[in-house]
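Here's the structure we're looking at; comments come further down.
The values are calculated or read from the model by the stated rules, or taken from the named source; none is laboratory data. The model shown is predicted, which means the values in this text are computed figures rather than measured ones. Note: ideal-geometry Cβ built from the backbone for every residue, glycine included; neighbour counts use all protein chains shown.
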Amino acid sequence: MSALSRRDLLKTAGTGVVVAAGVAPGSARAADGGAELTVDVAVVGAGLTGLTAARELQRAGKTVHVIEADERVGGRIWTTSAPGGREPVNWGATFVGPSQDKVLALASELGVGTYKTWDTGKNVQDFAGKVQRYTGTVPPLDLLSLIEAQRVINLINSMARGIDPAAPWSSPRATGLDTVTCQTWIDANVLTGGARSLVRAAILAIFSCEPAEISPLHLLFYVKSAGSLEKLLNTTAGAQESQLVGGSQRLPEGLAARIGAGNLTLSSPVRKIVDTGSGVRVIAEHVTVNAKRVVVAVPPPMVPRIAFEPGLSALKDQLYQRMPMASVGKVIAIYRTPFWRAAGLTGQAVSDQGPVSNTFDLTGPGTSRGVLMGFVDGQRAREFWDLDQAERRRQVTVQFTRWFGAAAATPDDYLDLSWDAQPLHRGCPVAIPAPGALIGFGRALRRPEGRCHFASTETALVWSGYMDGAIRAGEAVAAEARAAL
């Protein structure tokens, strides 16, 4: 089958709330013919952060209107259906785990169940062209590399404990940790080849970027935000422990339903935010919203695509210039059965060979078919989507066959999607501060400017980069905006 376009994906999306531009009935008309509204707070972005902020403000008795450029809610949460309308396919955020209390509470409130990611059997490691199977969380490295890998994990966890997540740039040794890359740090501090391969693979799995594109300081912030490196990497007892029944997009859909369709406009990119001196005027394609405050809840690199009057401060603007999105996409292979389970495998693989860097079993309840998902990250992603769809499928099935056996060669369906190609995101899962960005510009990340407040999962102090962090960021920015009213 041909590669799915954005329009094709939207046609198969499992959304059930709002799928077209809509504004409150009876609204006034703006000069350009769009609706004109007046509320307490305008919210730009209908991802989990923006929707959470809007709901929290409504709970506090404030009027809100959410403006979203896309034709759907969810942002970096995006669920469609497999061909034939069967299995949900999560292209964006997928997993939830222990201590992610906010997202688990929201799922419970909305009646969205969870199920455990299949983690029974052996995992696959493919390093330096050697495929090995192993049980549990201890990889099949030589003894010296195992000892070294554990030493490095302990060192990273210990260093992370000294990080202030609200101001990592103020932490001891911050300058030295933010002016080198993780690759440089690995080369200088990790003593065996096997351990170096493992740490590189871990960074790619967590951030979807190359170790040469990120600083140790940001890695330590992430570890502190999650609690430990193991929590970030593990399936059972870690961030990948569970998935949401019916797909992750049920969460933003449920929030949108509670906020109310009349308080949400889709398919309406915000062009300009003007501080009028007495309030803010948010000018979008199909609606203009006058408000006392505005919450800008879009990925950091997307913020400068909005024209601000007056302009953003130099510090915030330059920070955004140094926070590109990571390069990532997903491949999905759907089989008649989850055959790897019968073969005693978890469906989880990690590799230092391209194109796929790691895989998970996404098979959910209510289906007899098996769903394997693979991440294509970093430089591999930038090269992979230069290929045509037939070659991409060939490379993936060759790789899956190498790991999981001959049955992996012939999926019933193959799908793939590049987040880099999505014009409203230009990458995923998170924005990555370049080395030097945190110590030089990081203090501008959460700082409001005038009547504008800024939030995304990147601004969360706990579980930054995850759905849980997105909710926490939304709650925090709602409290900040409410206090300023």
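In summary, LEU104 fulfils each of the numbered conditions (1) more than 30 Å from GLN249 (Cα to Cα); (2) in contact with a strand residue (DSSP E or B) (Cβ under 9 Å, 6 or more places away or on another chain); (3) part of a helix (DSSP H, G or I) with the single exception of condition (1). Taking every residue in the stretch 222-246 that is on the phi < 0 side of the Ramachandran plot and pairing it with any residue that is modelled with pLDDT of 95 or more and acidic (Asp, Glu), at least 6 positions away or on another chain, the pairs with Cβ-Cβ distances below 7 Å are THR235/ASP119; THR235/GLU241; THR236/ASP119; GLY238/GLU230.
Residues are listed down the side, and each one gets a yes or a no for (1) farther than 22 Å from LEU345 by Cα; (2) touching a strand residue (DSSP E or B) at 6+ places or on another chain (Cβ under 6 Å); (3) exposed (fewer than 13 other Cβ atoms within 10 Å of the Cβ):
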{"position": "THR120", "(1), (2), (3)": "no, no, no"}
{"position": "GLN125", "(1), (2), (3)": "no, yes, no"}
{"position": "ARG133", "(1), (2), (3)": "no, yes, no"}
{"position": "ILE153", "(1), (2), (3)": "yes, no, no"}
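The helices (runs of 4 or more DSSP H) falling completely within the stretch 170-272 that include 3 or more residues that are out of contact with any strand residue (DSSP E or B) (no Cβ under 9 Å at 6 or more places or on another chain) and over 25 Å from PHE127 (Cβ atoms) map to 174-178, 216-226, 250-259.
Scanning the stretch 337-359 for residues that are under 19 Å from THR235 (Cα atoms) and in a loop (DSSP other than H, G, I, E, B) returns PRO338, GLY344, VAL356, SER357. Within the option set LYS316, LYS330, being modelled with pLDDT of 95 or more and either closer than 30 Å to GLY440 by Cβ or assigned to a loop (DSSP other than H, G, I, E, B) (or both) holds for one residue only, LYS316.
When the stretch 108-136 is filtered for residues that are hydrophobic (A, V, I, L, M, F, W, C) and assigned to a loop (DSSP other than H, G, I, E, B), the ones remaining, listed by number, are VAL112, TRP118, ALA128. Being under 24 Å from LEU177 (Cα atoms), of a type in the set (A, V, I, L, M), surrounded by 21 or more Cβ atoms within 10 Å (Cβ to Cβ) and in contact with a helix residue (DSSP H, G or I) (Cβ under 9 Å, 6 or more places away or on another chain), is that true of even one residue in the stretch 461-480? Scanning the stretch 461-480, I find no residue that is under 24 Å from LEU177 (Cα atoms), of a type in the set (A, V, I, L, M), surrounded by 21 or more Cβ atoms within 10 Å (Cβ to Cβ) and in contact with a helix residue (DSSP H, G or I) (Cβ under 9 Å, 6 or more places away or on another chain), so the answer is no.
Remark: ARG482 falls outside the filter, which requires a residue to be assigned to a loop (DSSP other than H, G, I, E, B) and either more than 21 Å from the chain's Cα centre (by Cα) or at positive phi (or both). VAL371 falls short on exactly one of the conditions (1) touching a Phe, Trp or Tyr at 6+ places or on another chain (Cβ under 9 Å); (2) over 25 Å from GLN348 (Cα atoms), and that condition is (2). For the stretch 132-158, the set of residues classified as under 25 Å from the mean Cα position of the chain (by Cα) and either modelled with pLDDT under 95 or farther than 30 Å from GLN399 by Cα (or both) consists of THR137, ILE156, ASN157, listed by residue number. Among the residues of the stretch 157-184, just one is surrounded by fewer than 19 Cβ atoms within 10 Å (Cβ to Cβ) and closer than 30 Å to TRP403 by Cα, namely GLN183.
Residue check: ARG281 meets all listed conditions (1) buried (at least 22 other Cβ atoms within 10 Å of the Cβ); (2) touching a strand residue (DSSP E or B) at 6+ places or on another chain (Cβ under 9 Å) but one, namely (1). Total residues in the stretch 225-237 satisfying the condition of being closer than 12 Å to LYS116 by Cβ and crowded, with 21+ Cβ neighbours inside 10 Å: the figure is 1.
Scanning the stretch 284-313 for residues that are in a loop (DSSP other than H, G, I, E, B) and among the acidic types (Asp, Glu) returns a single hit, GLU285. Among the residues making up the stretch 70-93, those that are part of a strand (DSSP E or B) and either closer than 13 Å to LEU251 by Cα or in contact with a Cys (Cβ under 8 Å, 6 or more places away or on another chain) (or both) are GLY74, THR79, ASN90. Only one entry of LEU362, LEU264 meets the criterion of being among the hydrophobic types (A, V, I, L, M, F, W, C), surrounded by 18 or more Cβ atoms within 10 Å (Cβ to Cβ) and over 22 Å from the mean Cα position of the chain (by Cα), and that entry is LEU264.
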